[in-house]
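Worksheet: the structure to be examined is printed underneath.
The values are calculated or read from the model by the stated rules, or taken from the named source; none is laboratory data. Note that the structure is predicted; figures quoted are calculated from it, not measured. Reconstructed Cβ throughout: ideal geometry from the backbone, glycine too, with neighbour counts over all protein chains shown. Side chains included, ligands, DNA and RNA excluded: accessible areas come from the protein's heavy atoms. Shrake-Rupley method; radii C 1.70, N 1.55, O 1.52, S 1.80 Å.
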Amino acid sequence: MDEQNLKEAKDIIEKYLQLEKQKATPTRDGMIKALSDAQQVASTEITAVEHSQGDIYPMFWTDFPDHDLYRKLTQYQQGLLEHCVKKYGEELVKKAIEEITGNNR
């Protein structure tokens, strides 16, 4: 297993966990940062998830009300996972999650 790919996959999973942290204790600035960071990594997959769920009009982060930012956290997590699996494969993603969380799933 390529060490560089594992490192990149772990970085993506870390962004996923940043989104998860915002779901647990959301702040406006924290949600915007987590969403923005995720979008930089997996823009294509995130956009596909957004469109499939009816979000088709692009807006600036500052224009979204807090409840919409919160709703987008789950969308962006889904997009990150799809990007990671597509790029690295499901086995590498599982290994990265296990290493980050310390869990064997």
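The lysine pair count for the chain, using Cα distances under 19 Å and pairs eight or more places apart or on different chains, is 26. Here the accessible area of the stretch 1-78 is 54 percent carbon and sulfur, with a 1.4 angstrom probe and all protein chains present. Surface analysis of the chain yields an accessible area of 61 Å² per residue, using protein heavy atoms and a 1.4 Å probe. Projected over every direction and averaged, the convex hull enclosing the alpha-carbon atoms of the chain yields 6.7 nm². Summing Lys, Arg as +1 and Asp, Glu as -1, what charge do residues with Cβ under 10 Å from the Cβ of THR74 carry, THR74 excluded? Computed value for this residue: +2. Taking Lys and Arg as +1 and Asp and Glu as -1, the other residues whose beta-carbon sits under 10 Å from that of LYS87 total -2. Against the criterion of solvent-accessible heavy-atom surface with a 1.4 angstrom probe, SER36, SER43, SER52 sort, most first, into SER52, SER43, SER36. Restriction of the chymotrypsin sites (Phe, Trp or Tyr not before Pro) in the stretch 1-75 to DSSP coil positions whose beta-carbon has at most 16 other beta-carbons within 10 angstrom yields PHE60. The residue among THR25, THR62, TYR88 whose Cα reaches farthest toward the positive pole of the charge dipole of the chain, with charges on the beta-carbon of Lys, Arg, Asp and Glu, is THR25.
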